[in-house]
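Asks: Please read through the structure below; I'll follow up with questions.
What follows is calculated from the coordinates using simple rules that are stated; it is not laboratory data. Model, not experiment: these values are computed from the prediction. So basically every Cβ, Gly included, is an ideal-geometry build from the backbone, and we count neighbours across all protein chains shown.
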Amino acid sequence: MKSLTSFFALLLSALLLTACGKGPQLPALGTNDVILAFGDSLTYGTGASPTESYPAQLQSLIGRKVVNAGVPGEVSADGLQRLPAALDDTQPKLLILCHGGNDFLRKLSEAEASANVRAMIKLAKDKGIGVILVATPKPGFSISPPDFYAAIAKEFSIPFNDAAMSGVLRDNALKSDLIHPNAKGYAQIADTLAKLLKKSGAI
């Protein structure tokens, strides 16, 4: 009877977490754990100084080391080739992945971008590294991300944000040019990701 009661208590807790809309959870980050921010110019911080990139501002917000591994101009196929060494070099507990924007700008295959993003996530998760996926918008009238980001996040049951980049890039006051945020834009992205880290239980 006691074990049955415990089972129902656990079931109720799981249902309550779902009802509260907490979404996918991550292991808590220790104070010495490293976060790897991996992507292209949006991660690198083009349009602002190095201390104003979103990884640098996120580090200040959460009190954890955030390594900026953004490479301007990189397409997802090249990111996939670069990621293993970046993971080995930094030994992160968590990967924040924001990739695909240059594929869209160069009008490369969306299916290939999707496959590369999926492969990067699998690579990290196979190493026991938690992942947060940040969607990159396609250029155009709506400045919205392709649907494959949400589908991949659901497939891997990982925390996901599809509004941080899109919201900033729709606001001229938060941009340094047509496709990059300015310091205020990166600050808004960092704040959004800090909130997602708290919601997911990472901090």
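Asks: Does Ile179 satisfy the criteria of being over 15 Å from the mean Cα position of the chain (by Cα), within 17 Å of Pro72 (Cα to Cα) and surrounded by 14 or more Cβ atoms within 10 Å (Cβ to Cβ)? I'd like the intermediate steps shown before the answer.
Replies: Numbers: over 15 Å from the mean Cα position of the chain (by Cα): yes; within 17 Å of Pro72 (Cα to Cα): yes; surrounded by 14 or more Cβ atoms within 10 Å (Cβ to Cβ): yes.
Taking the combined requirement at face value, the residue satisfies it.
Asks: Ok, one more. Right, Glu52: among the charged types (D, E, K, R), free of Cβ contacts under 8 Å to residues at least 40 places away in the same chain and either surrounded by fewer than 23 Cβ atoms within 10 Å (Cβ to Cβ) or closer than 30 Å to Lys107 by Cβ (or both) or not? Spell out how you get there, then give the answer.
Replies: Working: among the charged types (D, E, K, R): yes; free of Cβ contacts under 8 Å to residues at least 40 places away in the same chain: no; either surrounded by fewer than 23 Cβ atoms within 10 Å (Cβ to Cβ) or closer than 30 Å to Lys107 by Cβ (or both): yes.
Considered against the rule, which asks whether it is among the charged types (D, E, K, R), free of Cβ contacts under 8 Å to residues at least 40 places away in the same chain and either surrounded by fewer than 23 Cβ atoms within 10 Å (Cβ to Cβ) or closer than 30 Å to Lys107 by Cβ (or both), Glu52 comes out as no.
Asks: Can you find a residue that is closer than 25 Å to Leu174 by Cβ, over 13 Å from the mean Cα position of the chain (by Cα) and surrounded by fewer than 18 Cβ atoms within 10 Å (Cβ to Cβ) anywhere in segment 111-134?
Replies: First pass over segment 111-134, keeping only residues closer than 25 Å to Leu174 by Cβ: 113, 117, 132-134.
Filter once more, keeping what is over 13 Å from the mean Cα position of the chain (by Cα): 113.
Still in the list and also surrounded by fewer than 18 Cβ atoms within 10 Å (Cβ to Cβ): none.
No, segment 111-134 contains no residue that is closer than 25 Å to Leu174 by Cβ, over 13 Å from the mean Cα position of the chain (by Cα) and surrounded by fewer than 18 Cβ atoms within 10 Å (Cβ to Cβ).
Asks: Which one is farthest from Phe38 (Cα to Cα), of the residues in segment 160-203 that are of a type in the set (A, V, I, L, M) and not in a helix (DSSP H, G or I)? Spell out how you get there, then give the answer.
Replies: Just the residues of segment 160-203 that are of a type in the set (A, V, I, L, M), to begin with: 163-165, 168-169, 173-174, 178-179, 183, 187, 189-190, 193-194, 196-197, 202-203.
Next, only the ones that are not in a helix (DSSP H, G or I) stay: 163, 178-179, 202-203.
Working: Ala163: 18, Leu178: 21, Ile179: 18, Ala202: 18, Ile203: 19 Å.
Top of the filtered list is Leu178.
Asks: Only one of (1) surrounded by fewer than 19 Cβ atoms within 10 Å (Cβ to Cβ); (2) under 14 Å from Leu197 (Cβ atoms); (3) not acidic (Asp, Glu) is not met by Ala37, so which one is it?
Replies: Unmet condition: (1).
Asks: Still on this model: Please specify each residue of segment 135-148 satisfying the condition of being surrounded by fewer than 22 Cβ atoms within 10 Å (Cβ to Cβ) and closer than 14 Å to Gly100 by Cα. Let's see the steps before the verdict.
Replies: Here is the first cut: in segment 135-148, the ones surrounded by fewer than 22 Cβ atoms within 10 Å (Cβ to Cβ) are 138-148.
Once the filter is applied, which keeps residues that are surrounded by fewer than 22 Cβ atoms within 10 Å (Cβ to Cβ) and closer than 14 Å to Gly100 by Cα, segment 135-148 yields Lys138, Pro139, Ile143, Ser144, Pro145, Pro146, Asp147, Phe148.
Asks: Now, a different point. Evaluate segment 83-101: report whether one residue or more is assigned to a helix (DSSP H, G or I) and touching a residue at least 60 places away in the same chain (Cβ under 8 Å).
Replies: Going through segment 83-101, the residues assigned to a helix (DSSP H, G or I) turn out to be 83-90, 101.
Still in the running and touching a residue at least 60 places away in the same chain (Cβ under 8 Å): 101.
Yes, segment 83-101 contains at least one residue that is assigned to a helix (DSSP H, G or I) and touching a residue at least 60 places away in the same chain (Cβ under 8 Å).
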